[in-house]
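Readers should treat all values here as calculations from the given coordinates under stated rules, not as data from a laboratory. Since the structure is predicted, the reported quantities are computational estimates derived from the model, not experimental observations. Every residue, glycine as well, gets a Cβ built from its backbone with ideal geometry; the counts of neighbours run over all protein chains shown.
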Amino acid sequence: MNIVHVVGTGTIGEPLIGLLADNKDHFGIEEVTFHKRTPLLTEKAKVADLEGRGAVLAVDEERFSSFQELGHAPKYEAREAIERATVVIDCTPVGNGMKSEFYDHADGPRGFMAQGSEFGFGKMYARGINDSALVAGEDRFLHIVSCNTHNIAALVRSLAIDADGTNHLEDGRFLCMRRANDISQDDGFVASPTVESHKDERFGTHHARDAHELFETMGYDLNLYSSAVKINTQYMHSIQFSLQLDEEITVEDAKERLMANTRVAVTHKTSANQVFSFGRDHGYFGRIMSQTVVALSTLAVRNGNEVVGFSFTPQDGNPLLSTVAAMLWYLDPETLDDRIDILRRYLFREI
């Protein structure tokens with residue numbers, strides 16, 4: 001019996017639970033369970049909707065009655081839900097802590113995943129980037145890289161690495177212009193652009209470090225460096241990129257390489273407002289699942305071999321796709337491509 005358990009109901013957990021519940025038959029899942037830690041009146045409707053779509057609630061033992069008082073029907077205790085699951089997907093900001101406390105000692109699940117910031121949780125993974133690096137029976141813990149890392153990786157894969165694996169990247173620089181917070185969040189907004197420090201001597205911020213680790217699973221040692229600034233907007237992250245290659249390239253060549261990657265979307269739009277609006281109207285509950293959205297009009301070539309431009313990051317959508325892909329890989333690698341094909345409608349070639 002294939003059971004998928006999701007820990008957390010935040011900006012990744014909530015849409016993931018719904019996505020799995022809505023498509024569980026197609027994905028080959030018998031049951032979707034999810035853990036919510038705190039019973040909140042303000043989130044009563046959210047939990048009730050997930051339950052109504054077929055997802056089963058698990059809570060901490062001492063909070064059963066509190067959830068029941070809100071009208072919910074918890075069925076499993078938190079630890080029990082982990083042990084009985086086939087795959088566990090941690091969508092909290094404390095995945096490494098959960099790993100040491102629970103996951104390392106759980107015998108039941110085939111695999112565990114953590115999201116975004118949980119560096120060190122397991123092998124880095126992004127759909128369409130390093131699928132070949134996954135080793136069945138060995139990679140029990142996977143780290144789904146952050147949304148901006150997905151964006152960086154897709155740009156590098158498309159523009160600097162040939163189909164046969166030949167690497168042409170000499171230097172990659174990325175300025176990650178991050179939204180202040182999600183439209184679902186009240187906390188964390190900034191009044192003005194706020195810069196981040198370069199904490200890593202070699203990579204700058206974690207975005208380049210994580211992209212390097214991702215490609216390292218395939219034997220690459222890429223020269224990447226990133227900076228980050230938080231912008232007072234809630235719409236989308238965006239990235240200014242500069243890729244210096246060891247070969248000459250034209251703007252037309254760059255466009256062709258980007259458009260050849262089925263997980264890269266291109267756009268003639270130049271504002272996050274317009275791209276975000278497209279996702280709202282055509283994505284999965286507002287989410288585009290392409291790895292990156294490149295603004296074609298911003299592409300330029302400097303000195304004959306340096307590609308520069310801007311791209312937008314589908315911040316919830318790209319890790320959602322990779323998370324589902326990794327889950328399906330744990331369930332059955334042979335049927336992964338067929339089962340995930342149902343999400344192809346949210347991978348746009350043009351926006």
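Projected over every direction and averaged, the convex hull enclosing the alpha-carbon atoms of segment 48-202 yields 13.4 nm². As a proxy for reagent exposure, 98, 259 were ordered by neighbouring Cβ count within 10 angstrom, fewest first; the result is 259, 98.
Please state the charge dipole magnitude for the chain, taken about the Cα centre, from unit charges on C-beta atoms (+1 on K and R, -1 on D and E), reported in debye and rounded to the nearest 20.
980 debye
Between residue 303 and residue 277, the FRET efficiency from the beta-carbon distance, with R0 = 30 Å, is close to 0.25.
Per the Cα gyration tensor, segment 147-315 maps to an equivalent ellipsoid with semi-axes of 25, 19, 14 Å, ordered largest to smallest. Between residue 68 and residue 187, the contour length at 0.36 nm per residue exceeds the Cα-Cα span by 40.0 nm. Summing +1 for each Lys or Arg and -1 for each Asp or Glu among the other residues whose beta-carbon sits under 14 angstrom from that of residue 198 gives +1. Working from label points 7 Å from Cα in the Cα-to-Cβ sense, the residue 80 to residue 242 distance is 5.8 nm.
Each of the GluC sites (Glu not before Pro) that DSSP puts in a loop and that has at most 14 other Cβ atoms within 10 Å breaks the chain; the longest unbroken stretch is 31-137. Measuring from label point to label point, each 7 Å out along Cα→Cβ, what is the residue 170 to residue 337 span in nm? Roughly 3.6 nm, to one decimal. Relative contact order of segment 147-315: 29 percent, from C-alpha pairs under 8 Å at least 6 residues apart in sequence. Among the listed values (1) 17.3; (2) 18.2; (3) 26.6, the one matching mean projected area of the Cα convex hull in nm² as calculated from this structure is (1).
On a C-alpha basis, how far is the centre of segment 190-232 from the centre of segment 43-77 in Å? Whole number, if you could? If you average the Cα positions of each part, the centres end up 38 Å apart. All alpha carbon pair distances within segment 246-341 were sorted into 5 Å bins beginning at 0; the resulting P(r) in whole percents reads 3, 12, 19, 18, 16, 12, 11, 7, 2, 0. For the residues 205, 313, 298, a GNM of the chain with alpha-carbon springs under 10 Å puts the largest fluctuation on 298.
Considering only 58, 169, 89, and ranking their Cα positions along the charge dipole of segment 42-175 that arises from unit charges at the beta-carbon of Lys, Arg, Asp and Glu, the one farthest toward the positive end is 169.
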